[in-house]
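The values are calculated or read from the model by the stated rules, or taken from the named source; none is laboratory data. These numbers were taken from a predicted model, which means no experiment stands behind them. In case anyone asks, the SASA skips ligands and DNA or RNA and just uses the protein heavy atoms, side chains included. Shrake-Rupley method; radii C 1.70, N 1.55, O 1.52, S 1.80 Å.
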Amino acid sequence: MSSFTDRELQYLQSERRLARIATVGKDGTPHVVPAGFTYNAAHDSIDLGGHRVERTKKYRDVKRSGRAAVVVDDLASVDPWRPRGLEVRGRAEAVEGPPALIRIHPERIVSWGIESEALGQRHSRAVG
């Protein structure tokens, strides 16, 4: 059984392919960058990759800390204004390739505009 709801899975597996991953450097400085992603059903995880991802700061941060967060979002419409998205926080691993990737295992999922189209309605839950 997935940590994600059916609607969240549908959202993750639709046309969206770009997310923002947040990691923390050794000195405690946050680092947020865009990255391509996929939902991995076998691991119930968010997998992030990219060209030579194993050479990136985000990969090194995950390898060191074992933690990361990712946000996938978009605008369902602009009139009326209807943002929607998912934030996934959790245990992360730097998977050596080929291909190398970052795998985030959800521990907390926050979604908005997915379960309900009501503006501002958020759903937050711990998983695992």
Matching label, Rg and Dmax of the Cα atoms in Å computed from the structure shown, candidates (1) 14.6, 44; (2) 16.0, 50; (3) 13.1, 37: (1)
Whichever aspartates and glutamates have a C-alpha closer than 19 Å to that of residue 26, once near sequence neighbours (fewer than 8 apart) are set aside: 54, 61, 93
Most mobile listed residue (32, 53, 78) in the chain, GNM with C-alpha springs under 10 Å: 78
Span from the the stretch 60-128 Cα centroid across to the the stretch 11-31 one, whole angstrom: 8 Å
Accessible area per residue in Å² at 1.4 Å probe, computed on the chain: 57 Å²
Rounded to whole Hz, the Karplus (6.51, -1.76, 1.60) HN-Hα couplings of the stretch 91-100, x for glycine and proline: 5, 10, 10, 8, 8, 6, x, x, x, 6
